[in-house]
Structure formats: structure tokens, C-alpha cells
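Please read the structure below before turning to the comments.
The values are calculated or read from the model by the stated rules, or taken from the named source; none is laboratory data. Note that the structure is a prediction, hence the values are computed from the model and not measured. Cβ coordinates were reconstructed from backbone atoms using ideal geometry, including for glycine residues, and neighbour counts include every protein chain displayed. Side chains included, ligands, DNA and RNA excluded: accessible areas come from the protein's heavy atoms. Shrake-Rupley method; radii C 1.70, N 1.55, O 1.52, S 1.80 Å.
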Amino acid sequence: MKHLLVTLLLAPLIGWASEGGYRLDRSPHDSRDLVSLQSGARTYMNYCLGCHGMQFMRYEGLKEIGLTEAQIRDNLMFSAEKVGEPIRIAFNPKDAKAWFGVAPPDLSVAARSRGPDWLYTYLRTFYRDPQTVTGWNNAVFPNVGMPHALWTLQGQRALHVESHKEGEHAAVQYKWSEVSKGTQSAAEYDATVRDLVNFLVYVGEPSGVYRRPIGIVVLFVLGVLFVFAYLLKKEYWKDVK
């Protein structure tokens with residue numbers, strides 16, 4: 001595509017990776033942040049639901065992130081008629097497989113299978129590649145079949161990869177350059193991806209928000225009981241020689 005040849009070279013962003021692949025950035029998600037979760041739900045419904053469903057999450061479950069049934073029905077329900085229905089894609093999975101060669105994966109447990117760091121880095125490392133069918137590629141997932149669904153927000157970027165020999169080990173340097181601007185700045189796009197990953201983490205384990213604090217309390221109680229059990233054991237066995 002001709003417009004891809006017009007590359008606006010700004011100060012390049014440089015990343016390093018070892019032989020294992022692109023280095024993952026730490027995801028700054030927080031499943032206790034309801035505003036972030038709601039923003040992530042909005043991004044998912046507007047940019048991801050066309051291809052990726054969440055069959056293990058029902059629309060009604062979005063009430064747990066502070067949304068009312070009216071808000072869910074009026075703003076987020078694009079592929080169902082009742083809030084009790086699962087979040088499915090807007091078209092037939094068989095058609096999706098025929099169009100893309102493979103049905104787009106369900107995202108119900110994507111954060112648990114891939115990890116939030118992988119998702120956070122993956123969604124921020126798409127770049128233009130005229131040699132692929134979709135015209136897109138990804139530094140974390142080379143030769144990925146998925147196009148960049150959020151490119152209008154992030155803009156279009158190009159990637160140049162250089163290999164360097166450091167003793168017995170090889171290091172790879174990734175140099176990013178801007179092809180065209182998106183509607184968001186780099187910081188705004190990172191925040192959008194953070195919110196989306198936050199939502200995916202929540203969907204993968206909704207009870208995780210409550211399970212961790214409860215687990216801490218349980219461990220504390222068990223620690224206290226252990227002290228009393230140990231003192232009781234010493235009292236019972238003090239006369240045994």
C-alpha cells in the first residue's frame with residue numbers, strides 16, 4: 001500500500017529482547033479499579049466483540065463492575081437480547097472459520113492462559129507488514145493472523161529488527177517508527193490497553209478480586225491457630241521424657 005511508504009520518522013522507540021523473543025512489559029492492571037474495568041468493557045464491546053466472544057461470561061455479570069442493567073442493555077449489548085445471555089460474537093462461528101481459516105478464539109480465559117503481561121505487550125506491538133495477508137504483524141506473536149483491531153487509536157507503526165552478537169549470546173534490537181498517527185497519544189493508548197487487559201483479567205476470574213483478600217485473612221488466622229496449637233502441644237508433652 002502506497003501510503004505505508006510515507007513513514008514519519010520520529011525519535012524511534014527501541015526495545016531489546018533475547019533469543020527467547022520480544023521482552024514483555026509488566027501489565028499495570030488493577031482488578032479493583034471499577035472505572036478501569038468499565039472502560040475496558042467498553043473497548044472490548046466496541047473493538048473486539050465482532051470476532052471474539054466470552055462464552056463463560058454473561059452480560060449480567062457486568063453488574064459486578066458497577067454497571068446497572070440499563071447501562072448494560074443500552075450501551076454494551078450488541079449480540080444478545082437478554083442480560084442473562086452469554087457474551088457471544090455477533091456472527092456465526094462457522095462463518096468466522098470459513099472467512100479467517102480458523103475461528104477467532106474465545107477470550108473468556110485469555111488472560112489466564114496467556115497472562116496479562118503477554119496481552120498488554122501484544123496489543124501494543126502491532127506493526128505494518130505488507131508481506132502478510134492482513135498487512136499487519138506483531139513483535140510478540142510473529143506472523144499473527146489477527147489484524148490490528150485498535151490501529152485507529154494507536155496509529156500505524158513500522159518495525160526494524162537488528163541482531164547483535166554479545167559474546168556467546170545473540171540479542172535482538174527492535175526499532176519502532178511512526179507511519180501515521182492515531183486518535184490517541186502513546187500514553188492514552190497505553191491506558192486504553194491497560195483497561196482492556198484489566199477487563200480480560202477480571203473476566204478470566206471474577207472471584208479473584210475477593211479471593212485474594214480472603215486468602216490473606218485465612219492465612220493469618222491459620223498462623224494464629226498454629227501458635228496456639230504449638231503451645232497446647234508443649235503443655236501436653238511437658239511431662240513426657
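If I filter region 57-70 for residues that are within 29 Å of residue 100 (Cα to Cα), modelled with pLDDT of 90 or more and under 17 Å from the mean Cα position of the chain (by Cα), do I get at least one hit? So that I can check it myself, show each step before the final result.
Quick first cut of region 57-70, residues within 29 Å of residue 100 (Cα to Cα) only: 57-59.
Narrowing the set further to residues that are modelled with pLDDT of 90 or more leaves 57-59.
After this cut, where a residue has to be under 17 Å from the mean Cα position of the chain (by Cα) as well, the list is 57.
For region 57-70, residues within 29 Å of residue 100 (Cα to Cα), modelled with pLDDT of 90 or more and under 17 Å from the mean Cα position of the chain (by Cα): present.
Between a residue in region 102-116 that is of a type in the set (S, T, N, Q) and any residue that is outside any loop (DSSP other than H, G, I, E, B), which pairs come within a Cβ distance under 8 Å, given they are 6 or more apart or on different chains?
So the pair list comes out as 108/54; 108/55; 108/56; 108/57; 108/203; 108/204.
Could you go through region 3-21 and let me know if any residue there is at pLDDT 90 or above and either surrounded by 15 or more Cβ atoms within 10 Å (Cβ to Cβ) or part of a helix (DSSP H, G or I) (or both). Even if it seems obvious, please write down each step before you answer.
Within region 3-21, the subset at pLDDT 90 or above is none.
The answer is no; no qualifying residue exists.
Going through 165, 175 one at a time, which residue ends up being open to solvent by 50 Å² or more (accessible area, probe 1.4 Å), touching a Pro at 6+ places or on another chain (Cβ under 7 Å) and closer than 20 Å to residue 23 by Cβ? If you could, list the steps in order and put the result at the bottom.
Details: 165 fails: touching a Pro at 6+ places or on another chain (Cβ under 7 Å).
Among 165, 175, only 175 is open to solvent by 50 Å² or more (accessible area, probe 1.4 Å), touching a Pro at 6+ places or on another chain (Cβ under 7 Å) and closer than 20 Å to residue 23 by Cβ.
Please go through region 160-188 and give me each residue that is outside any helix (DSSP H, G or I) and either closer than 9 Å to residue 126 by Cβ or at pLDDT 90 or above (or both), ordered by number.
Step one: filter region 160-188 for residues outside any helix (DSSP H, G or I), giving 160-185.
The answer is 160, 175, 176, 177, 178, 179, 180, 181, 182, 183, 184, 185.
Could you look through region 40-54, keep only residues that are touching a helix residue (DSSP H, G or I) at 6+ places or on another chain (Cβ under 7 Å) and either within 21 Å of residue 102 (Cβ to Cβ) or among the small types (Gly, Ala, Ser) (or both), and pick out the one that is most open to solvent (accessible area, probe 1.4 Å)? If you could, list the steps in order and put the result at the bottom.
The first filter runs over region 40-54 and keeps only residues touching a helix residue (DSSP H, G or I) at 6+ places or on another chain (Cβ under 7 Å), leaving 40-41, 43-44, 51, 54.
Of the ones still in play, those that are also either within 21 Å of residue 102 (Cβ to Cβ) or among the small types (Gly, Ala, Ser) (or both) are 40-41, 44, 51, 54.
Details: 40: 0, 41: 0, 44: 0, 51: 47, 54: 0 Å².
Only one residue fits best here, namely 51.
Take the residues in region 80-122 that are of a type in the set (Gly, Ala, Ser) and open to solvent by 70 Å² or more (accessible area, probe 1.4 Å); name whichever of them is modelled with the highest pLDDT.
Taking region 80-122 as the starting set, the residues that turn out to be of a type in the set (Gly, Ala, Ser) are 80, 84, 90, 96, 98, 101, 103, 108, 110-111, 113, 115.
Okay, now just the ones that are also open to solvent by 70 Å² or more (accessible area, probe 1.4 Å), so 90, 98, 113.
On the way: 90: 72, 98: 76, 113: 91.
So the residue we want is 113.
Take residue 211 and decide whether it is surrounded by 14 or more Cβ atoms within 10 Å (Cβ to Cβ) and part of a helix (DSSP H, G or I).
Values: surrounded by 14 or more Cβ atoms within 10 Å (Cβ to Cβ): no; part of a helix (DSSP H, G or I): yes.
Considered against the rule, which asks whether it is surrounded by 14 or more Cβ atoms within 10 Å (Cβ to Cβ) and part of a helix (DSSP H, G or I), residue 211 comes out as no.
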